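Data block below; observations after.
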Amino acid sequence: MFLTQTSEAPVSPAKKMACIISSCAALSTQSLLSADSLPTSSTRSIKPNSLSWGSSFPTIHISISINNNNPSSLNKTSFIQAAWTRRSRGELAKKPNKKSWKQRTDMYMRPFLLNVFFSRRFIQAKVMHRGTSKVVSVATTNAKDLRHSLPSLTDHNACRIVGKLIAERSKEADVYAMSYEPRKDERIEGKLGIVIDTIKENGIIFV
């Protein structure tokens, strides 16, 4: 609404100011009620009329559907597989000369190794330190003090004597735990079992 000067009676400045204010108020109400001024999902550049902080963010609808009836349809690559502490078959084929975790740490976890040798004439047993290859204790029926005193150097009684001597000499060297690794296709029985059982009976722990 615009005011124009006509030949009618002059209008006071107060009336002019009131007309201008009323026209501005009418225009503002029309602009607020128009549908074009409301924010829609397609127009993101228009700011929302609400003064709340949360209303300024767009709403996102996420739908997740999981089919439990067919577990084979799940992607197997999405699962995290645990790391192997030892060599896998593929790694063994690629690097055959690389030592496994057990081979690298066994000499520190089980440092003392028992070795028993049987021959037709005598029996010998020794305890060796793996890291330094140092012999800790040795016992054999072929020694001078046992060679002429024993009726047989290879029977079960000789096995018990060798086991007892190995246990006593190992404890003198402050070795109270040792291990024995059987050879391929070797069973811990017979004379070997007697030697190991005698060592256990005399206070040595096998790990």
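Observations
- Anisotropy class assigned to the range 104-161 is prolate, per the alpha carbon gyration tensor with a/c at or over the 1.5 cut-off and a/b larger than b/c.
- As a fraction of the 1.4 Å probe accessible area of the range 99-170, surface on carbon and sulfur atoms comes out at 54 percent.
- Only Lys, Arg (+1) and Asp, Glu (-1) charged, at Cβ; the range 166-206 dipole about Cα centre in debye: 100 debye
- Formal net charge of residues neighbouring VAL136 (Cβ-Cβ distance under 15 Å; K, R +1; D, E -1): +3
- Karplus 3J(HN,Hα) series, Hz, for the range 115-127 with 6.51 cos²θ - 1.76 cosθ + 1.60 (x for Gly, Pro): 10, 10, 10, 10, 10, 6, 9, 7, 10, 9, 9, 8, 10
- Here the range 85-189 is assigned +1 on the Cβ of each Lys and Arg and -1 on the Cβ of each Asp and Glu. Its dipole about the Cα centre then comes out at about 720 debye.
- Taking ILE194, ILE166, ILE20 and ordering them by how much accessible surface each has at a 1.4 Å probe, largest first, produces ILE20, ILE194, ILE166.
- Net charge dipole size for the range 108-163 [Lys, Arg +1 and Asp, Glu -1 on Cβ; Debye, nearest 20]: 160 debye
- Global form of the range 132-182, assessed from the alpha-carbon gyration tensor, a/c cut-off 1.5: prolate
The values are calculated or read from the model by the stated rules, or taken from the named source; none is laboratory data. Only a predicted model underlies this, so the values are computations on that prediction, with no experimental measurement involved. FYI the Cβ positions are ideal-geometry reconstructions off the backbone, even for glycines, and counts take in every protein chain you see. These area figures cover heavy atoms from the full protein model, side chains too; ligands, DNA and RNA do not enter into them. Shrake-Rupley method; radii C 1.70, N 1.55, O 1.52, S 1.80 Å.
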